[in-house]
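The values are calculated or read from the model by the stated rules, or taken from the named source; none is laboratory data. On a predicted model such as this, the values are computed, not experimentally measured, just so you know. Here the Cβ positions follow ideal geometry from the backbone for every residue, glycine too, while neighbour counts run over all protein chains shown. Side chains included, ligands, DNA and RNA excluded: accessible areas come from the protein's heavy atoms. Shrake-Rupley method; radii C 1.70, N 1.55, O 1.52, S 1.80 Å.
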Amino acid sequence: MSKKFNLGKKVSAIDVNANRSLSELLSLMENTGFQGKSLAKVVTILENMSKDPDITILFGYAGSLSTTGQWKIINWLLENNLIDILVPTGANISEDIVEAMGGAYIQSSQNSPDEELFKKGYNRYYDVLGSEKEYLEMTELIAEFIQTLDEKHNYSSREFLYLFGLWLAEKEIYSIVSVAAKKNIPIFCPAFPDSPYGDAALIAKSKGFSLTIDSIKDYTEYMSLAEHVKDTGVVYIGGGVPKDWIQLISVTADLLYEERAIPNRENPRTRENINQQESYYPHRYAVQITTDSPQWGGLSGCTFEEAVSWGKEDPQGQLVQCYCDASIALPIVSHALAERLKNFERHPKELNNLF
């Protein structure tokens with residue numbers, strides 16, 4: 001099948017100007033090429049997404065970004081209502097607590113003497129070091145919270161993290177989880193035990209307390225949000241489980257309802273020649289910053305064009321993927337966005353109130 005050929009606009013060379021803002025520079029970069037153009041489009045689409053009153057923003061991020069000094073950027077996004085539903089890895093919402101408790105990560109080298117680091121009590125995250133003592137203190141803190149819960153109750157990760165956030169705020173530990181709780185922004189962590197939260201549950205178990213995180217309850221709560229939104233925009237920093245979890249709300253939330261359609265949602269997409277009717281609600285905006293390539297077949301590098309075949313993204317929507325290290329892109333994107341949204345206030349969704 002041949003694709004229609006269209007010439008685009010001219011590439012515009014960038015003149016250097018010492019008085020130019022970061023946002024202005026990215027506007028110029030949008031008229032260049034390669035990943036510079038893609039990074040500039042990320043900011044433009046995030047701005048458009050933020051200003052669209054019909055959009056609920058789902059934000060997923062993987063990896064170990066909190067150890068690299070990125071976690072306060074997530075807090076800024078939460079505080080400014082630029083995230084409505086957060087889907088992180090457990091690492092990203094626990095390793096930030098180390099710094100929020102007063103600990104620190106240390107710049108090092110990828111060529112560090114790792115055997116010596118192990119003996120001295122340090123863990124290496126590529127070129128950043130973390131103290132095992134501080135990591136364990138953070139894990140023990142989570143275990144302390146777990147033992148305040150109702151042992152007979154099955155918690156979703158959202159329930160757990162909301163209560164934990166309120167508990168941390170009382171202790172004046174202002175991590176991602178506590179800021180989200182204060183803003184009534186739900187956090188779903190689908191790979192919950194694969195992190196210090198799982199380790200903390202083991203510590204609590206050793207002290208006679210059994211924590212139950214109900215993954216199906218989690219999934220049901222998450223999918224039930226689909227009937228309370230009009231349209232969706234998604235942001236992926238990395239990929240992994242958070243990306244898949246967010247993608248699925250556009251194509252499987254209808255399974256929660258016998259009629260296979262989401263209440264209060266208009267104009268679902270359908271497929272031809274399918275015996276059993278299903279409804280699709282593709283994301284209208286989608287942004288991803290990733291270092292993963294599509295040719296290996298994994299979801300982390302999967303293109304939005306491929307996702308269109310599943311019904312996950314709107315082919316007429318605003319979509320861009322930028323192949324870049326998140327520790328480069330996230331500070332640039334967030335600061336440019338702060339400039340563009342300086343006089344704009346986004347209305348909070350406060351979706352936690354639905355539960």
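Which one is farthest from Ser157 (Cα to Cα) among residues in region 307-355 that are outside any helix (DSSP H, G or I) and in contact with a His (Cβ under 7 Å, 6 or more places away or on another chain)? Taking the candidates together, the pick is Gly317. Look at (1) surrounded by fewer than 16 Cβ atoms within 10 Å (Cβ to Cβ); (2) over 23 Å from Asp52 (Cβ atoms); (3) of a type outside the set (S, T, N, Q) and you find that Tyr219 fails only one, number (1).
For region 185-214, the set of residues classified as over 15 Å from Leu141 (Cβ atoms) and assigned to a helix (DSSP H, G or I) consists of Lys205, Ser206, listed by residue number. Hey, Ile274 hits all of (1) of a type in the set (Val, Ile, Thr); (2) modelled with pLDDT under 95; (3) within 23 Å of the chain's Cα centre (by Cα) but one; which does it fall short on? Exception for Ile274: condition (3). A single member of Glu151, Glu159, Glu95, Glu79 is in contact (Cβ under 8 Å) with a residue 60 or more places away in the chain and in contact with a His (Cβ under 9 Å, 6 or more places away or on another chain), and it is Glu159.
In region 295-307, the residues that are closer than 17 Å to Cys322 by Cβ reach residues that are among the aliphatic types (A, V, I, L, M) and surrounded by 12 or more Cβ atoms within 10 Å (Cβ to Cβ) with C-beta atoms within less than 6 angstrom, at least six apart or across chains, in these pairs: Phe304/Ala286; Phe304/Leu319. Going through region 304-314 one residue at a time, which ones are open to solvent by 20 Å² or more (accessible area, probe 1.4 Å), over 20 Å from Ala226 (Cα atoms) and in contact with a Leu (Cβ under 9 Å, 6 or more places away or on another chain)? Residue satisfying the conditions is Glu305 alone. If you check Gly8 against the conditions, is it assigned to a loop (DSSP other than H, G, I, E, B), free of Cβ contacts under 8 Å to residues at least 60 places away in the same chain, open to solvent by 20 Å² or more (accessible area, probe 1.4 Å) and under 30 Å from Leu136 (Cβ atoms)? Against the criterion (assigned to a loop (DSSP other than H, G, I, E, B), free of Cβ contacts under 8 Å to residues at least 60 places away in the same chain, open to solvent by 20 Å² or more (accessible area, probe 1.4 Å) and under 30 Å from Leu136 (Cβ atoms)), Gly8 does not qualify.
Going through region 128-157 one residue at a time, which ones are under 21 Å from Asp96 (Cα atoms) and open to solvent by 30 Å² or more (accessible area, probe 1.4 Å)? Across region 128-157, the qualifying residues are Glu132, Lys133, Glu134, Tyr135, Leu136, Glu137, Glu140, Glu144. With Lys205, Lys171, Lys230 as the choices, which residue is among the charged types (D, E, K, R) and within 16 Å of Leu351 (Cα to Cα)? Only one candidate qualifies: Lys230. Being small (Gly, Ala, Ser) and closer than 15 Å to Thr148 by Cβ is the filter; apply it to region 188-205 and report the residue that is most open to solvent (accessible area, probe 1.4 Å). Filtering first and then ranking leaves Ala201. The set of residues in region 224-241 being open to solvent by less than 10 Å² (accessible area, probe 1.4 Å) and not in a strand (DSSP E or B) consists of Leu225, Ala226, Gly239. For region 260-285, the set of residues classified as part of a strand (DSSP E or B) and open to solvent by 60 Å² or more (accessible area, probe 1.4 Å) consists of Arg269, Arg284, listed by residue number. If the condition is being under 21 Å from Thr220 (Cα atoms), of a type in the set (Ser, Thr, Tyr) and part of a helix (DSSP H, G or I), then region 144-184 contributes Ser157, Tyr162. Filter region 11-24 down to the residues that are free of Cβ contacts under 8 Å to residues at least 24 places away in the same chain and of a type in the set (A, V, I, L, M, F, W, C) and list them by number. If the condition is that a residue be free of Cβ contacts under 8 Å to residues at least 24 places away in the same chain and of a type in the set (A, V, I, L, M, F, W, C), then Val11, Ala13, Ile14, Val16, Ala18 are the ones that fit. Pairing residues of region 212-231 that are in contact (Cβ under 8 Å) with a residue 12 or more places away in the chain with residues that are of a type in the set (Gly, Ala, Ser), at Cβ distances under 7 Å and at least 6 apart in sequence or on separate chains, gives Ile213/Ser157; Asp214/Ser156; Lys217/Ser156; Asp218/Ser156; Asp218/Ser157; Glu221/Ser156; Met223/Ala253; Ala226/Ala253.
Filter region 249-259 for residues that are outside any loop (DSSP other than H, G, I, E, B) and open to solvent by 40 Å² or more (accessible area, probe 1.4 Å); which is farthest from Tyr162 (Cα to Cα)? That would be Leu255.
The residue that is nearest to Asp199 (Cα to Cα), among those in region 134-148 that are in contact (Cβ under 8 Å) with a residue 24 or more places away in the chain and out of contact with any helix residue (DSSP H, G or I) (no Cβ under 6 Å at 6 or more places or on another chain), is Glu140.
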